[in-house]
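What follows is a set of notes on a single structure, which appears directly below.
Computed from the coordinates by the stated procedures, all read-outs in this text should not be read as laboratory data. Because the structure is a prediction, the values reported are computed rather than measured. Virtual Cβ from ideal backbone geometry, glycine too; neighbours counted across all protein chains shown.
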There are 2 protein chains.
Amino acid sequence: MPLIPIGVSARHIHLSKEDLFTLFGEGYELTNFKDLSQPGQYAAQETVAIVGPRGQFEKVRILGPIRPQTQIEVSRTDAFSLGIHPPVRESGQIADTPGLRVIGPQGEVNLENGVIVAARHIHFHTSDAAKWGIQDKQLLRVQLRGERPLIFEDVIARVSDQFALDLHIDTDEGNAAGVKTGDQAELLL
Amino acid sequence: MPLIPIGVSARHIHLSKEDLFTLFGEGYELTNFKDLSQPGQYAAQETVAIVGPRGQFEKVRILGPIRPQTQIEVSRTDAFSLGIHPPVRESGQIADTPGLRVIGPQGEVNLENGVIVAARHIHFHTSDAAKWGIQDKQLLRVQLRGERPLIFEDVIARVSDQFALDLHIDTDEGNAAGVKTGDQAELLL
């Protein structure tokens, strides 16, 4: 069975250019702190605070580059602490999601929406998908043999020639499985 | 396939009589706030604070009745916040586990050990176990068809005529599956 590297995503934020400028100042550019597994994506040096009706988190990592719309990805556990109930969604699907207050060094933004719990998914390069007969949007099963073995079902396939092979799960899922970034999952075909 | 009710356990503490008296005063008795699924077990009205090297939680629920030894059960997410790394263990197996500071209204206790991440398990009444051919300590698979479908493997069977049928998972596991207490899992035999 194909082995897929695991990436466990902690809470993070993607910013629109407009929100970046509001939070950090007009014309601001993010600093690459560390490249991520997907080509061109990086963790920025910069962080923001996010504030919900019940709780808040300081130093939430910004992921770059900028995107058309601001999006915050939290775990369900984070969401309880913040006092919001975002839906489980694919990245980019932010209609009818809750917002949060975002605070940067130069200003703040009151998001009307944009907070999701990210649906687990696998990034496939087109060549990997072709090799294993995987279609974009296909629902897959992956087996994780960490400290707490489990099988994730309904894992969404995302196929692009811009992607590198990676299973993306959040911290609740990583902790439930007892795995960390760099561990491997087995794709059940 | 047999359906098993799910119980999602938030962080909680079981106290020895000695630690109960130190925290709440000599001769103190816990007040039953709510009966739990297992016969004789209850959530107490009383709470304590638990303090780790990195963070702390206020109002951690005490579960009664008192036990031979104090034990704290947290999720892996909680453990990161507290700044400790407890192992995944069955209840009662607290050798070589980390401790925490526990603060009550009348005193505090510095636990040398006792903190675990509870291994997921199913309580079976002896009659249910006999009906389905389940042995105590057997490792089982359960399928959860919540918002985020998955199959938990290596779920430990615990069989006793003092038990009521229940799958116990922690908040990381409940959140990873998108289920809550009262939902049902399917035992894969």
Ascending list, in nanometres, of distances separating the residue A:143 label from those of the other copies (7 Å, Cα toward Cβ) | 1.6
Over the stretch A:76-167, consider all pairs of different Cα atoms and compute the Kirkwood hydrodynamic radius from their mean reciprocal separation; express it in Å, one decimal.
-> 15.5
Expected integer from the mean partner chain Cβ neighbour count at 10 Å over B:3-13 is 0
Could you tell me what % of all Cα pairs in the stretch A:1-85 have separations over 19 Å?
-> 43
How many Cβ atoms of partner chains, on average, are near each residue of A:79-90 if near means within 10 Å of its Cβ?
-> 1
What gaps in nm, shortest first, separate residue A:126 from its twins in the other copies when you place the label 7 Å past Cα toward the beta carbon?
-> 6.5
Here the whole-number average of other chain Cβ atoms within 10 Å per Cβ of A:163-172 is 2
Cα convex hull of the stretch A:120-188, projected area averaged across orientations, nm² = 4.2
With each label point set 7 Å from Cα along the Cα-Cβ vector, what nm distance links residue B:188 and residue A:180?
-> 2.8
Do the sum for chain B: with -39,500 (n - 2.57) for every DSSP H run of n ≥ 4, divided by all residues, what is the mean residue ellipticity at 222 nm, to the nearest 500 deg cm²/dmol?
-> -4000 deg cm²/dmol
Percent relative contact order for chain B, counting Cα pairs under 8 Å at least six residues apart, stands at 28
Between the label point of residue B:26 and that of the same position in each other copy, find the distances and list them shortest first in nm, with every label point placed 7 Å from Cα along the Cα-to-C-beta direction.
-> 7.3
Please report, in whole Å, how far the alpha carbons of chain B spread along each principal axis, starting with the longest.
-> 50, 33, 28
So, in Å, what gap is there between the alpha-carbon centers of the stretch A:1-66 and the stretch B:131-189?
-> 36
Roughly what would the spin-label model give for residue B:90 and residue B:34, points 7 Å off Cα along C-beta, in nm?
-> 2.8
How large is ³J(HN,Hα) for each residue in the stretch B:126-136, as worked out from phi by the Karplus curve 6.51 cos²θ - 1.76 cosθ + 1.60 (θ = phi - 60°), to whole Hz, x for Gly and Pro?
-> 3, 5, 5, 4, 5, 4, 9, x, 9, 9, 4
Where a ≥ b ≥ c are the square roots of the eigenvalues of the C-alpha gyration tensor, would you call the protein assembly as shown rounded, which needs a/c under 1.5, or, failing that, prolate if a/b is larger than b/c, or oblate?
-> oblate
Zone reached by a paramagnetic label modelled 7 Å from residue A:154 Cα along Cα→Cβ, restricted to the stretch A:107-131 with backbone N below 19 Å, covers A:116-123
